[in-house]
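Chemist: First, the structure itself, so that you have it in front of you.
The values are calculated or read from the model by the stated rules, or taken from the named source; none is laboratory data. Bear in mind that the values here come from a model prediction, so they are computed numbers and not experimental data. Note: ideal-geometry Cβ built from the backbone for every residue, glycine included; neighbour counts use all protein chains shown. Note: accessible area is taken over every heavy atom of the protein model, side chains too, but ligands, DNA and RNA are not part of it. Shrake-Rupley method; radii C 1.70, N 1.55, O 1.52, S 1.80 Å.
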Amino acid sequence: MTDKLWLLLGITIDRLLLAILIVLLVTLPSIVDQELYNSVQTAKFIGFSYAILVLATVSAGQMLRPGTVFNITASDLILLLLVVYLSINRYFLQPHNAFSIGYYEMIGLSVLYAIIRQQPRSHHFLLLIATLLGGLAQVGTGFRQLLGFVPSYNINFKVTGAYFNPGPYSGLLASVFIIGIGLYLYRYRLVAFFIRSRIVARRFRLAASNILQVFFITLLGTSLFILIAVRSRGAILAVLAGSMYIFFIQHGGYAWIRKKISTQHRLFAGIGIFVLIGILAVGAYRLKKNSADGRVLIWKVTGQLIADRPWLGHGFDQFKAVYMRYQAKFFEERPDSSESPLADNTQYAFNELLQFTAENGVVATLLVLTGIGLAFLTGRKKKVRPTLLIAQAGVLGFCLFAIFSYPLQILPIKANLVLCLAIMAAYQPITFSIQISHSTDRSGKAIRMLLTGSILAILCPLYVKTTSIYSAFILYQEAFNLQQHRSLPEAISRYQQASVILQDDGEFLTSYGKALSLANQHEQAIDVLTRAEKYYTSTVTYTTLGDSYKELKQYLQAERCYRMASAMTPGRFYPEYLLAKLYLETGEKNKAVAIANALLQKEVKIESTAVYQIRAEMKALITAP
């Protein structure tokens, strides 16, 4: 090929990659597919996976271009080291590795990071705008849900966007808000980016800037209104911190403070800010006191997970496999704990630093902290660059939100984080460069063809794997729907088909085992639920196991399971109710009466028909001859 053809190929690939990136960032936050189980999460994963495979396929074409250069920075190396370490820890150093969408997302996000890193800095504005547009669609969805025009995806909450509850939705809005405030403050640069010709009249540029100002004020105002409506304290804190960071750095940072404010006034201002933070913290705590106390309980128990396996952790995405057992142990050691009513089935630590450390160990956490610290040191003494400043504010907001929530479990928020980290890395000094063979002779062409062919050979089975996962989650949803309608034979048939792919998915196995138990296939149910214990634990796992053991007259095992479920959530009525019924069946009425009395004295956390019926039945049990 001639030099012109190579140049044309390179331009075509670059523009195609940029277009796909923009489409991905715009659409990812809103992807939902009701045919899939847990549609608001798995649909985003499937859509993202296909997009990444397409991006990787197009990127493979870059290998054909002579002289393609990959510039590597310190942050790139730390990210590579982290991904390699997490993979080795998951597959070789842990006793179990469950089916994990989170792990597949991490690999896909690493590819996304690498592709964004190859984009020129001039494209960063476009990618940030794409992220903003993706958030804009969700602002519209949330506003329509708030007005009652469309339902949310959780019957317990009025506003969830395209997510399963307001927590992840507010986290997405917070990350988009910070990007939006940065683009608003640099709207003149934004206009100049799109209108580069000096011939264009200044009046037109001013008009375009005014239009952007109205757009951003409307978007930011609506986003803030929704954040306040859903009362997400962590998201509001992230918005405040990210926005203040942009204002602070834009106005000169510490140099501006030293120049404009005297030492004495700085002292008073510091005390005032400290007092204000304290007042806000107390107010935020009282706004949702039970929620805050519940998170403190989770942090305490998570601390015990870390203490038991500090270096390697319990395994990637294994928090949900071990946490509930530790919570049961926590309450078994503290039978009269005042925190019992706060306990619930928990899958997230509501603090990503704690959860990441519990799953992956201190070594992985140190790598993450090192990478983030290094990214923030980038360009500290250089001229402020708008996209770099916005990216830093985005990462800062993410870190603060992660103290109180679980953004690392939400794909669109992670994609926003990856974009910000890739932008920050683009401004770091180059550690070294890798250049694809520049030679146009046969040997150079052979090397490039080999690299391209190798990448495509890896991608082909990944396309097949993604399609298999997609089909499995469709079957899972069909099985779940059939189970809800008590069409158990058909449901079990669908579960069996999906188990080929999801045989190590603990939540799937729990649903499958529940269906088998309801269909009186108790031996098979016990087998499936025992496997589920390795990857996922909840009260449902153990109450269902208890039911099957009870039907098989294995009463000691049934008692063990019911007691485990009760210890996991001491404030709940159902596990102890099942235990009381078990004692009645085994002729141990004294034990049954003791539990019945305890249930009647227990504080009702949430009034419901089920609790009313349990209490009525326990009263009848006590008074029965």
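Chemist: So how tilted is helix 574-585 from the main axis of the chain? Cα-based, degrees 0 to 90, rounded to 10.
Modeler: Roughly 30 degrees, rounded to the nearest 10.
Chemist: List the equivalent ellipsoid semi-axes of the stretch 81-154 in whole Å, largest first, each obtained as the square root of 5λ for an eigenvalue λ of the Cα gyration tensor.
Modeler: So the equivalent ellipsoid measures 34, 24, 6 Å along its semi-axes.
Chemist: Roughly how tilted is helix 589-601, in degrees to the nearest 10 and between 0 and 90, from the longest Cα axis of the chain?
Modeler: 50
Chemist: Continuing with the same structure: Taking the Cα centre as origin and putting +1 on Lys and Arg beta-carbons and -1 on Asp and Glu beta-carbons, what dipole magnitude results for the chain, to the nearest 20 debye?
Modeler: The calculated dipole for the chain is roughly 3040 debye.
Chemist: Same structure, new question: Test of the criteria: in the stretch 286-355, which chymotrypsin sites (Phe, Trp or Tyr not before Pro) are in a DSSP loop and have at most 14 other Cβ atoms within 10 angstrom of their Cβ?
Modeler: Trp311
Chemist: Along the stretch 418-434, what does the Karplus equation 6.51 cos²θ - 1.76 cosθ + 1.60 (θ = phi - 60°) give for ³J(HN,Hα), rounded to whole Hz, x for Gly and Pro?
Modeler: 4, 4, 5, 5, 5, 5, 5, 5, 5, 9, 8, x, 6, 6, 7, 10, 10
Chemist: Of the accessible area of the chain, with the probe set at 1.4 angstrom, what percent is carbon plus sulfur?
Modeler: Whole-percent figure for carbon plus sulfur exposure: 64.
Chemist: At 222 nm, what value in deg cm²/dmol follows for the chain if DSSP H runs of at least 4 each add -39500 (n - 2.57) and the sum is divided by all its residues, to the nearest 500?
Modeler: Result for the chain, helices only: -25000 deg cm²/dmol.
Chemist: Tell me the chymotrypsin sites (Phe, Trp or Tyr not before Pro) within the stretch 149-195 that lie in a loop according to DSSP and have at most 13 other beta-carbon atoms within 10 Å.
Modeler: Within the stretch 149-195, the qualifying chymotrypsin sites (Phe, Trp or Tyr not before Pro) (loop, at most 13 other Cβ atoms within 10 Å) are Phe149.
Chemist: Extent of the chain along each principal axis, from alpha carbon coordinates, in Å, largest to smallest?
Modeler: Sorted from largest, the Cα extents of the chain read 97, 71, 49 Å.
Chemist: Then there's this: Can you tell me how much longer the chain between Glu332 and Ala19 gets when fully stretched, taken as 0.36 nm per residue apart minus their C-alpha distance, in nm with one decimal?
Modeler: Taking Glu332 through Ala19 to full extension adds about 107.1 nm, to one decimal.
Chemist: With an 8 Å cut-off on Cα pairs and a minimum separation of 6 or more residues, tell me the relative contact order of the stretch 536-625 in percent.
Modeler: About 22 percent, as a whole number.
Chemist: A follow-up question, please. Using a 10 Å Cβ count of at most 12 others and DSSP loop calls, identify the longest part of the chain lacking such trypsin sites (Lys or Arg not before Pro).
Modeler: No qualifying site falls inside 1-195, the longest such stretch.
Chemist: Something else: Pairs of alpha-carbon atoms within less than 8 angstrom and 6+ residues apart define the contacts here; what relative contact order does the chain have, in percent?
Modeler: 19
Chemist: At most 10 other Cβ atoms within 10 Å and a DSSP loop assignment: could you name the GluC sites (Glu not before Pro) in the stretch 309-343 that fit?
Modeler: In loop regions of the stretch 309-343 (DSSP not H, G, I, E or B), the sparsely surrounded GluC sites (Glu not before Pro) are Glu333.
Chemist: What FRET efficiency comes out for the pair Leu77/Thr609, r = Cβ-Cβ distance, R0 = 51 Å, nearest 0.05?
Modeler: 0.30
Chemist: On to the next question. For the chain, take the longest principal axis of its alpha carbons; what is the angle in degrees between that and the long axis of helix 74-92, to the nearest 10 within 0 to 90?
Modeler: Around 30 degrees separate the two axes.
Chemist: Shifting gears a bit: Taking only protein heavy atoms into account and a 1.4 Å probe, give the accessible area per residue of the chain in Å².
Modeler: Spelled out: the 1.4 Å probe surface of the chain, per residue, equals 48 Å².
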